[in-house]
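Read the figures in this text as sums done on the coordinates, not as results from a lab. None of these values were measured; they are calculated from a predicted model. With ideal geometry, Cβ positions are generated from the backbone for all residues, glycine too; neighbour counts draw on all protein chains shown.
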Amino acid sequence: MPQIRVAIGDDDRTFREAVSDVLTADPRFAVVAAVGSGPELREVVAALRPDVALVDIRMPGGGATAVRGLRADDRERAEAEGDAPDTPVVVIALSAHTGVSDVRDLLAAGATGYLAKGNLGAALPDLVHRCASGEVVLAVPSGAKALLMLAEQANREPARGDEVERTA
Amino acid sequence: MLDSSASSVVAVTASGTINYVNHSGLDAFGYTLDELLGQPVEVLIPAPHARHHAGLREGYVADARPRAMGSGLELAARRKDGTTFPVEISLTPVPTPEGTWTIAGVVDISARRAAEERVGTMSRAHLALAELNAEILRARTPEDLYTHVCRVIAAASPRVATWVATPDDADGLRVASRVGDIGPIGKGGLDPLHAIPPLLSVLADSFPWFCADIGAEVSGPWADWAGREGITAAVALPVRRISGVAAVLVVQAPNRTLLEEDLVSVLITMAENVSFALDRLDSQAQLQLIDAQRVDLLNRLVAAQEDERARIAADVHDHSIQSLAAIDLRLGLLRTRIAAAAPELTDSVDALQVALSDVTGGLRHLLFELEVPDPGVTLTDQVRDALAYVFLDDSVATSIRVENGANPALGATQADADLPPVTRGHAIRICKEALTNVRRHAQASHVVIAIRPDPDGVEIAVIDDGVGPSGDVATLRSAQGHRGLDGMRDRAQVVGGWCRLERDEGLTTLRYWLPRGTDPSPAG
């Protein structure tokens, strides 16, 4: 199985290096870049095409903004590549913040993983691996509530659409 | 009998000739008996009426019966010296061999008239006093008060003029308010008030000045003018405030009625009431100042506290939590390696990891309490985060309700969109405090947060079905379980809102309202 190529975006150097060391120590991963801001992360993702991008939500230009940017780049690429587009980058949010609205916003922007800093221990490589394999991993206490909020929102919106159709 | 009567009695023949006058009559009219007997009765009547009197007299004799003369008219009699006085006259016909005589009983009513006039003046004065007291309550500034007092006095007595003089910058006086003609004083130009020394001494010594003869006591342009206009009397009363005499109330009039004791006492009362009102205005201003200072101080305290919290929160997040998170990862790496090399040692690493996780949890809680609300996140979301955080691992059912009943035009997402960041900051802090209190003390099974925006602000209610605080919620201050209530109230008041605790049918509600306000940096 080929190595999973990872780009790390976090403005805290200590943490960034720790993530890099932990993943590098695992033969399943190759860390291709470690940067400190959202725009830089977009640049390295565009240039190096990693499988996974780890996004800190409080770094400059990070969080939902960075995730939306990465998703926009994906769409642009898909259009350019025509019928056989490359698989989009898997975006995993990494944060010390565990607020339900943070989690909701990141999921809404297009992240498929959310990992709470500080309680990962030895689990980080496995969690990243599962995300890369297509699973959604919400290793954050408010994950379920965030999903329920999104579900509620999604349930409200079609109802509104129906009404518009009926009155038309 | 008629001789000794206290009232004047005059007998007149059918042709109008006086043929009897009693002693009182002679005194009243100023004649001797010889001078009057045989004279036509018209000598006792003032000239304008005397001309018509002969005709009236003949009419009376033709239909003679006892009655009052000139009923409904104001009758006057004429003394020998030509002066007149108001009278009431009763007529009685007496048949005699020489024809019908008429006996006229004449009563001098000048004393009664004067008394009536005085009663009228006094009741007008007292009415004016009552009116002044009502006006005083509405006054917002000393100038209002001076205007009211002048207007009220002038309305009660049209023949007087009233003015209020206040000290000017040059140790003189200026007219702050006036009603009626006050002569050269009101005309502007050079300040002629310097020429009225009595007013300056009223200002300096706080003694009233009563003047019955302006010409004799005062000189200068004002006194000259008063002399020409026939203004003789003046009263000047000090209007005091705690710090000294604030103004002089001056009333000037063409006669000495002004100086009658009763009227003067009403004027003095007016001046005193204006003085009390000035004190009230001063106290109000003082209170407002103190209140403004208190709010300002609270504001600065809260701002300083927020800055401090933000700094600590940033430190906790940027350094402590990040470093601990890095250590957590490295410990994980260590554990993987130890598991491969010396599996018996993994327990020790696990124990370390648990301890680390506890510390991180503690710091994360600190962050929750300290963190400055992000202006990019809506109030509803912040409330939702707080609710989810505080009751994350609990069996407490929580919900959020955004009520737009009052104004359906405000959408749910707009509930807080235009709340200024400072207000939003206070709103979320109070909410967090309330939720933490419920979590710690209420043992609730349901917690609901109701957010109700209105055009002027936002009302937030934190409702729980727990045990509630002990004691009377209305007077509850720092009772156990709601230690933060004072702090929450202060926060609300700082931005001009309110905060109170309610207990009703098993539900405890912490309800607060914050105004939208005018924040210099509106939410983006």
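Observations, loosely collected:
- The gain in end-to-end length when the B:Ala76 to B:Ala170 segment is fully stretched comes to 28.3 nm, 0.36 nm per residue minus the alpha carbon separation.
- Helical segments meeting 15 Å axial Cα length and Kyte-Doolittle -0.5 threshold in chain B (DSSP H): B:110-138, B:142-156, B:261-315, B:322-341, B:346-370, B:379-390, B:421-437
- A:Arg5 long-range amide H proximity, modeled H, under 5 Å: A:Ala30, A:Asp51, A:Val52
- Inter-label distance for A:Asp126 and B:Glu116, nm, one decimal - labels placed 7 Å from Cα along Cα-to-Cβ: 11.5 nm
- Compared with the dominant principal axis of the Cα atoms in chain A, helix A:38-48 is inclined by about 70°.
- For chain A, a Gaussian network of Cα nodes joined below 10 Å ranks A:Arg28, A:Arg68, A:Arg16 by mean-square fluctuation, and the top entry is A:Arg28.
- Degrees between helix A:100-109 axis and first principal axis of chain A (Cα, 0 to 90, nearest 10): 90 degrees
- Förster radius 22 Å - calculated FRET efficiency between B:His365 and B:Arg309, Cβ distance, rounded to 0.05: 0.95
- Using a Gaussian network model of chain A in which every pair of alpha carbons under 10 angstrom is joined by a spring, one finds that among A:Asp51, A:Asp26, A:Asp73 the greatest mean-square fluctuation is at A:Asp26.
- Taking trypsin sites (Lys or Arg not before Pro) as exposed when DSSP calls them loop and at most 15 other C-beta atoms lie within 10 angstrom, chain B has its longest site-free stretch at B:160-476.
- Using the Cβ-Cβ distance between B:Thr96 and B:Arg159 with R0 set to 45 Å, the FRET efficiency works out to roughly 0.35.
- Placing pseudo-labels 7 Å out from each Cα toward the beta carbon at B:Ala450 and B:Leu137 gives an inter-label distance of 3.7 nm.
- Among A:Arg104, A:Arg49, A:Arg75, residue whose mean-square fluctuation peaks in a GNM of chain A (springs only between Cα atoms under 10 Å): A:Arg75
- The dipole here belongs to the protein assembly as shown: it is taken about the Cα centre, uses +1 on the Cβ of Lys and Arg and -1 on the Cβ of Asp and Glu, and is about 680 debye.
- The protein assembly as shown: projected area of the alpha-carbon convex hull, averaged over directions, in nm²: 59.5 nm²
- Charge-dipole axis of chain B as Lys and Arg at +1 and Asp and Glu at -1 on Cβ define it, positive-most pick from B:Leu356, B:Val12, B:Leu267: B:Val12
- On Cα atoms only, tilt of A:63-81 relative to the major axis of chain A in degrees: 80 degrees
- The simple Förster model, with R0 at 35 Å and r as the Cβ-Cβ distance, assigns B:Glu229 and B:Arg280 a FRET efficiency of 0.45.
- Taking 0.36 nm per residue of separation and subtracting the Cα-Cα distance, full extension of the segment from A:Ala108 to A:Thr24 would add 27.3 nm.
- For A:Asp11, the residues whose amide H sits under 5 Å from its own are A:Met59, ignoring neighbours fewer than 5 places away on the same chain, with H placed 1.01 Å from N.
- Helical content of the protein assembly as shown, expressed as a calculated mean residue ellipticity at 222 nm, amounts to -15000 deg cm²/dmol (DSSP H runs of 4 or more residues, -39,500 (n - 2.57) each, divided by residue number, nearest 500).
- Test item: A:11-17 mean partner chain Cβ contacts at 10 Å: 5
- A simple spin-label model places the labels of B:Val43 and B:Glu261 4.2 nm from each other, with each point 7 Å out along Cα-to-Cβ.
- Along the axis of the charge dipole computed for the protein assembly as shown (Cβ charges of +1 for Lys and Arg, -1 for Asp and Glu, origin at the Cα centre), the listed residues B:Thr508, B:Ala386, B:Gly220 are led at the positive end by B:Gly220.
- Over chain B - Rg/Rh using Cα atoms and the Kirkwood inverse-distance radius: 1.38
- Close amide H contacts of A:Tyr114 (hydrogens built in the peptide plane, cut-off under 5 Å, sequence separation of 5 or more or a different chain): A:Ala93, A:Val137, A:Leu138, A:Ala139.
- Maximal additional length on extending the B:Val372-B:Asp347 stretch stands at 5.1 nm, based on 0.36 nm per residue less the C-alpha distance.
- Dipole-positive endmost among A:Ala66, A:Leu41, A:Ala30 within segment A:4-156 (Cβ charges, Cα centre): A:Ala66
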